[in-house]
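Structure first, commentary second.
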Amino acid sequence: MKESTKEYIANLGFEQLTEMQESVFEAFPKNKDVVLYSPTGSGKTVAFLLPLLENIDANATCIQGLIISPTRELALQIETVGRKCSSEHKFNVVYGGHSMRTEKQSLTVEPSILVATPGRLCDHIEKGTVNLENLQFLVLDEFDKSLEMGFQEEVGYIIDHTPRSVRAILSSATSLEEIPSFTGITNPFEINFLDDIKVKLTLQKVTYGEEEKLPRLFETICSLPNGPTMIFCNHREATERICEHLQEMGVPALAFHGAMEQQDRERTLIRFRNGSANYLISTDLAARGLDIPEIGTVIHYQLPHKEDGFIHRNGRTARMMEKGLALVLTEEGKNLPDYIDQTISEFTQAEEVQLPENPNWDTLYFSGGKKDKINKIDIVGFLAKKGGLQKDEIGLITVLDHWAFVAINREKINSILPIIISEKVKGKKLKIDIAR
């Protein structure tokens with residue numbers, strides 16, 4: 001392992017790699033293609049990024065590594081982890097719902113590693129704004145999800161535009177019966193941690209009577225330890241309806257689904273990550289591939305149609321060998337799906353319903369970011385000097401291209417906002433407000 005790779009690991013805040021990550025790192029130099037099977041939340045992003053970073057030339061002005069992601073959220077997460085690993089390698093990300101013109105401009109200087117969703121990358125290839133002639137390494141991340149979403153044609157088209165000598169890492173959270181021929185992967189080295197990682201997951205059911213489902217959900221939430229919780233539904237409308245109901249009952253909840261604007265989805269995930277809300281009601285869009293905090297409990301308000309979906313949802317808790325709880329809401333007298341043990345025990349509700357405490361944090365929005373030459377240090381200095389905040393009153397800071405979000409002690413946020421709202425950040429007048 002190169003010294004630079006040791007620095008990447010330290011930059012991520014890790015003392016050492018997991019057994020799975022070590023296995024990929026060791027297998028990569030010895031094999032043209034590697035297939036990795038490992039559960040959601042086990043650290044696959046780091047597993048494939050480190051071998052790429054160790055083997056590409058930071059001084060070359062061409063795309064050497066390509067990572068194909070099925071969703072824009074995962075693509076953005078991979079880019080974020082890549083930038084955190086290393087400042088010497090140029091990363092770029094292209095995805096649908098983002099300005100094509102902005103992406104084209106950013107690609108005038110080719111990155112070392114490009115992260116992309118399939119449809120948008122096909123657009124760039126067709127327009128000639130992405131050149132893959134010098135590509136050395138290809139990563140097909142969450143490949144089972146790409147197949148599930150119907151990206152076979154797009155991924156095949158992309159691979160047709162890569163050199164035949166390209167080396168590949170394919171990652172998947174579920175086993176594949178066979179590797180599709182369009183990938184060009186014929187004799188890979190297989191690493192399988194699906195059975196070896198024993199998650200400490202407790203599965204229980206919550207039974208409700210006719211027309212009692214929402215009240216039962218509320219009672220269940222009030223019986224759980226206060227902390228990050230995900231509530232899964234099958235439909236966008238259900239996430240909105242449940243979120244509104246919980247908010248009316250005083251529960252700090254957020255909704256997340258595919259019909260939301262990209263900026264709203266990012267804002268929601270940022271507020272959930274930084275602890276401004278502890279309850280995320282989501283479709284299966286959040287079941288995998290997103291960088292979100294350790295989840296204590298997963299609640300299946302509506303059960304998925306297939307076992308794979310159930311497994312991926314549950315993968316949001318009991319991660320990295322930690323304990324977790326998964327609860328299934330089921331109507332009295334109805335059988336559970338075949339993929340769930342019919343004899344699972346009933347969750348014990350608290351005798352007295354107590355509303356969950358508000359989180360310690362709330363979020364401030366700044367209408368400036370990286371493109372405005374504003375960074376985390378600037379924001380901390382501004383809040384300390386102009387707002388009089390102490391370091392422990394400032395939480396997670398997320399700086400994006402054109403805006404930033406900062407977790408602030410909930411007891412302080414309303415008192416400092418009138419003080420800082422008219423002040424300039426690094427000489428720039430920005431809109432500052434509480435994020436909602």
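The values are calculated or read from the model by the stated rules, or taken from the named source; none is laboratory data. All of these numbers come straight from a predicted model, not from anything done at the bench. Here the Cβ is made from the backbone with ideal geometry for all residues, glycine too, and neighbour counts use every protein chain on show.
Values as computed for the structure displayed
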{"quantity": "Scan of the stretch 255-282 for residues that are crowded, with 20+ Cβ neighbours inside 10 Å and over 16 Å from PRO228 (Cβ atoms), ordered by number", "calculated": "HIS257, ARG265, ARG267"}
{"quantity": "Per-region count, the stretch 123-135, residues surrounded by 17 or more Cβ atoms within 10 Å (Cβ to Cβ) and touching a Pro at 6+ places or on another chain (Cβ under 8 Å)", "calculated": "2"}
{"quantity": "Top-ranked residue in the stretch 332-381 [being in contact (Cβ under 8 Å) with a residue 12 or more places away in the chain, β-branched (Val, Ile, Thr) and part of a loop (DSSP other than H, G, I, E, B); ranked as nearest to ILE416 (Cα to Cα)]", "calculated": "ILE374"}
{"quantity": "Test: residue in the stretch 157-174 that is of a type in the set (A, V, I, L, M, F, W, C), in a loop (DSSP other than H, G, I, E, B) and farther than 29 Å from GLU22 by Cβ", "calculated": "no"}
{"quantity": "Residue list for the stretch 148-185, restricted to those being aliphatic (A, V, I, L, M), surrounded by fewer than 17 Cβ atoms within 10 Å (Cβ to Cβ) and closer than 27 Å to MET100 by Cα", "calculated": "MET149"}
{"quantity": "Test set (1) over 30 Å from ARG216 (Cβ atoms); (2) in a loop (DSSP other than H, G, I, E, B); (3) touching a strand residue (DSSP E or B) at 6+ places or on another chain (Cβ under 9 Å) - ASP401 fails condition number", "calculated": "(3)"}
{"quantity": "Test: residue in the stretch 21-35 that is crowded, with 18+ Cβ neighbours inside 10 Å, under 17 Å from PRO111 (Cα atoms) and either assigned by TED's automatic domain parsing to the domain that holds ASP141 or without any contact (Cβ under 8 Å) to a residue 60 or more places away in the chain (or both)", "calculated": "no"}
{"quantity": "Selected residue (only one of GLU153, GLU178, GLU190 is out of contact with any helix residue (DSSP H, G or I) (no Cβ under 8 Å at 6 or more places or on another chain) and part of a helix (DSSP H, G or I))", "calculated": "GLU153"}
{"quantity": "Top-ranked residue in the stretch 303-338 [being over 26 Å from the mean Cα position of the chain (by Cα) and surrounded by 11 or more Cβ atoms within 10 Å (Cβ to Cβ); ranked as nearest to GLU142 (Cα to Cα)]", "calculated": "PRO337"}
{"quantity": "Elements of type helices (runs of 4 or more DSSP H) contained in the stretch 43-130, each with 2 or more residues being out of contact with any Ser or Thr (no Cβ under 8 Å at 6 or more places or on another chain) and among the hydrophobic types (A, V, I, L, M, F, W, C)", "calculated": "44-55, 72-85, 118-127"}
{"quantity": "Counted residues, the stretch 53-82 - those being without any contact (Cβ under 8 Å) to a residue 60 or more places away in the chain and either surrounded by fewer than 20 Cβ atoms within 10 Å (Cβ to Cβ) or in contact with a Gly (Cβ under 7 Å, 6 or more places away or on another chain) (or both)", "calculated": "5"}
{"quantity": "Within the stretch 1-18, considering residues that are among the acidic types (Asp, Glu) and part of a helix (DSSP H, G or I), the one surrounded by the fewest Cβ atoms within 10 Å (Cβ to Cβ)", "calculated": "GLU3"}
{"quantity": "Positions within the stretch 95-117 being loosely packed, with under 11 Cβ neighbours inside 10 Å and within 23 Å of the chain's Cα centre (by Cα), in sequence order", "calculated": "SER99"}
